[in-house]
1. With surrounded by fewer than 21 Cβ atoms within 10 Å (Cβ to Cβ) and in a loop (DSSP other than H, G, I, E, B) as the only criterion, which of Phe489, Phe416, Phe477, Phe424 stands out?
2. Which number in (1) open to solvent by 10 Å² or more (accessible area, probe 1.4 Å); (2) modelled with pLDDT of 95 or more marks the one condition that Leu459 misses?
3. Go through region 501-550 and report how many residues are aliphatic (A, V, I, L, M) and in contact with a Lys or Arg (Cβ under 9 Å, 6 or more places away or on another chain).
4. Only residues that are touching a Lys or Arg at 6+ places or on another chain (Cβ under 8 Å) and outside any loop (DSSP other than H, G, I, E, B): list them for region 385-413, please.
5. For region 110-131, name all the residues that are over 14 Å from the mean Cα position of the chain (by Cα) and hydrophobic (A, V, I, L, M, F, W, C).
Amino acid sequence: MGNCSVFLLACALVLLAAAASTASASNIVEHSFFVQNLTINRLCNRQVITAVNGSLPGPTIRVQEGDTLIVHVYNKSPYNLTIHWHGVFQKLSPWADGPNMVTQCPIRPGSKYTYKFKITEQEGTLWWHAHVSWLRATVYGALIIRPREGQTYPFAKPYREWWNANVIDVENQALAVGGAPNLSDAYTINGWPGDLYPCSQNQTYKLNVEPGKTYLLRIINAALNNQLFYKIANHNLTVVAVDASYTTPYATDVVVAAPGQTVDVLLTANQPVGSYYMAARPYMSLGGNIPFDNTTTRGLVVYNGAPSSATPLMPTLPAFNDTPTAHKFYTNLTGLVGAPHWNPVPLKVDYNMFVTIGLGLEVCPPNVPNTTCQGPIPGISRFAASMNNESFVLPTSLSMLQAHFFNVGGVFTTDFPANPLIQFDYTNASINSNLPLLFVTKGTKVTKLKFNSTVEIVLQNTAILGIENHPMHLHGFDFHVLAQGFGNFNASTDRQKFNLINPQSRNTIGVPVGGWAVIRFVANNPGVWIMHCHLDVHLPWGLATAFVVENGPTPATTLPPPPADLPQC
């Protein structure tokens, strides 16, 4: 199921330092987003997309840690809209988190809403994107958080896809027929597909570099449904942060990013003066004969002084199914102990969960207009997805956060199972012969957590309808990645592999194909926070759940009332 895009924001390291030292002393950063139709030319076609302020990607927001961000969103598009500030903690501002029907009702066409929140205890690269439907295919941009005045770094654009169709129409078709979405037509770097696609010879992103200088590249995978390999010919990269959390510097010649993840790398222009391709192609872990967009997008790194006639060198990219390379990258990352905002791993766990994640089936609903059944069992089933066999359904009448704050019943229940109701050989493909096991239960079930409790979750992939790497994103928190591996999680042996000293911190984890990952976080943020797969086809299919975190003992740890202008359903 292919769809993707690359966001790569590049700045010279010395220029970043200069920019930080001359930034405004104001603690308020204010933007206006006008979301409306935009006609662009790509891949031999004129295409109408939904975009912010007439650009793709949308505006880059630059703030310093501790700033208050105010964004006025004017929805001049024909679609319902929300904006999610991916990775921002939203401490005491959960109403601004943005996921549709979780923390707010959508902003209706012709309406506006103002997001206001403070960014604290975070530095690095995050991003913002639409959180309704598949609008984030074109409605997204970078969110760059620099250190406060007087602070320094402890040591810049997006990945995206292109369709020859309206992305909303593509999604609606997939949901209507109960099958997989159409394939994307291209991948892009900073909105440009590169010169390997039709009519794209002059649509290639170019990064000019000065020989000998070191640059900070902020890589954001803004893809809908694909992980991506990324390389620059003849150059090594040094990873210094992921998901706005500093890492122990890690040298590599390839970067892997799942949808929703960010990776900050240092690039030193230390090769002979010339031109070098940067390139990205999908990492496709789903087995079988599943079609996907197996194409390559590329941009250029051009040294100042390089002759215009120079033929760019092309990197050798990993094979699309090179799981060992992807796993090596993901598991070699560690947190930078002592870095700004580093938090040690909590050793006492208050709430343990074992959660299976994966695909499944649902029985085709009867008498639903414009709905057919083109799932694996035609006329009977549609594709679905689930966590512990519970397929998540978003409410329609009231957001979950409103229901929680005003104590309104009937919107969700707090009985999400902490363990699978049926235990089985999770990663053995033979389970697909057990037809009842494939069908999911639909509902809006959440987990209630006490304030400041420590939660550990084993995320276990299943082989139902195919094994796959699922990028799981948790709103409202970063989590420590204690370990990850293949096959079924074995508590007696795999717990011995836990990194409790310097694990990486993330907000999105690519759970290995046919494998598992263990995460741990402290529920110190009151509100309602969704956890979902960041493959956009899987969220509407139901691969999600949510956590309701209770209030703490003080006003500073208590959920505030909603803003007066919060959109209503």
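1. On the way: Phe489 fails: surrounded by fewer than 21 Cβ atoms within 10 Å (Cβ to Cβ); Phe416 fails: surrounded by fewer than 21 Cβ atoms within 10 Å (Cβ to Cβ); Phe477 fails: surrounded by fewer than 21 Cβ atoms within 10 Å (Cβ to Cβ).
Only one candidate qualifies: Phe424.
2. (1)
3. Residues of region 501-550 that are aliphatic (A, V, I, L, M), as a first pass: 501, 509, 511, 513, 517-519, 522-523, 528, 530-531, 535, 537, 539, 543-544, 546, 548-549.
Pick out the ones that are also in contact with a Lys or Arg (Cβ under 9 Å, 6 or more places away or on another chain) and you get 518-519, 523, 546, 548-549.
Of the residues in region 501-550, 6 are aliphatic (A, V, I, L, M) and in contact with a Lys or Arg (Cβ under 9 Å, 6 or more places away or on another chain).
4. Start the filter on region 385-413 by keeping residues that are touching a Lys or Arg at 6+ places or on another chain (Cβ under 8 Å), which leaves 390-393, 412-413.
Glu390, Ser391, Phe392, Thr413, listed by residue number.
5. Restricting attention to region 110-131, the residues satisfying the condition of being over 14 Å from the mean Cα position of the chain (by Cα) are 110-124.
Within region 110-131, Phe117, Ile119 qualify.
The values are calculated or read from the model by the stated rules, or taken from the named source; none is laboratory data. Since we're looking at a predicted model, the values are computed, not measured. Positions of Cβ are backbone-derived with ideal geometry, glycine not excepted, and every protein chain shown enters the neighbour counts. Areas reflect the complete protein model, heavy atoms only, side chains present, ligands, DNA and RNA absent. Shrake-Rupley method; radii C 1.70, N 1.55, O 1.52, S 1.80 Å.
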